[in-house]
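**Student:** Before I ask anything, here is the structure I am working with.
The values are calculated or read from the model by the stated rules, or taken from the named source; none is laboratory data. Note that the structure is a prediction, hence the values are computed from the model and not measured. Using ideal geometry, Cβ is built from the backbone for each residue, glycine included, and neighbour counts are taken over all protein chains shown. With ligands, DNA and RNA removed, areas are computed over all heavy atoms of the protein, side chains included. Shrake-Rupley method; radii C 1.70, N 1.55, O 1.52, S 1.80 Å.
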Amino acid sequence: MKIVLAPDKYKGSLTGLEFCNIIEPILKSSFINSEVIRAPLADGGDGTIEVVNYYLKGKIIKVEVNNPVFKPVLASYLYSESSKIAFIEMAEASGMKLLKTEDQNCMHTTTFGTGQLVINAIDKGAKHIILGIGGSATNDCGIGMATALGYRFFNKNH
């Protein structure tokens, strides 16, 4: 029998990989002649970098950036030197997981820190950026990220 384990995270409890680590030995002991295939998934939010790294074995880069309310936070992204691809998870710099309950107000949060991660990846040599946008604490449409990248936005009065 072939059994495929393809979980996403169980928010607030287990990552997909932790789930596989718990369930795989149970299945193997219950179904003696079975093959268990681990295929963890992610939806672009919290845990995406961990899942992508499971498959690609890139290098985790840690950078101090601004969280959604402009407080410093250590965020990480995955970088593949050979392919020059950076895998950035927005939740690392701009995610709900970074905020206290009283700070969770999308009218006062930003994706600026995600833009800082993008800049760092470009400075490291990334030619392509893959951005997972799940788990965000903001609905600024990426304006904060674009601002960090040097774009300027004006209203009718400039």
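**Student:** Would you check if there is a residue in segment 16-39 being open to solvent by less than 20 Å² (accessible area, probe 1.4 Å) and under 23 Å from ASN139 (Cα atoms)?
**Tutor:** no
**Student:** Right, here's the next one. Among the residues of segment 23-79, which ones are without any contact (Cβ under 8 Å) to a residue 12 or more places away in the chain, under 19 Å from MET96 (Cα atoms) and not basic (Lys, Arg)?
**Tutor:** GLU64, PRO72
**Student:** May I pose another question? Scan segment 106-136 for residues that are part of a loop (DSSP other than H, G, I, E, B), buried (at least 21 other Cβ atoms within 10 Å of the Cβ) and not polar (S, T, N, Q) and jot them down.
**Tutor:** ALA126, GLY135
**Student:** To continue, here is another question. In segment 74-105, which residues are open to solvent by less than 10 Å² (accessible area, probe 1.4 Å) and of a type in the set (Asp, Glu)?
**Tutor:** GLU89
**Student:** In segment 94-143, how many residues are at positive phi and in contact with a helix residue (DSSP H, G or I) (Cβ under 6 Å, 6 or more places away or on another chain)?
**Tutor:** 1
**Student:** Take segment 74-108 and flag every residue that is touching an Asp or Glu at 6+ places or on another chain (Cβ under 7 Å) and of a type outside the set (Gly, Ala, Ser).
**Tutor:** If the condition is that a residue be touching an Asp or Glu at 6+ places or on another chain (Cβ under 7 Å) and of a type outside the set (Gly, Ala, Ser), then LEU74, TYR77, LYS97 are the ones that fit.
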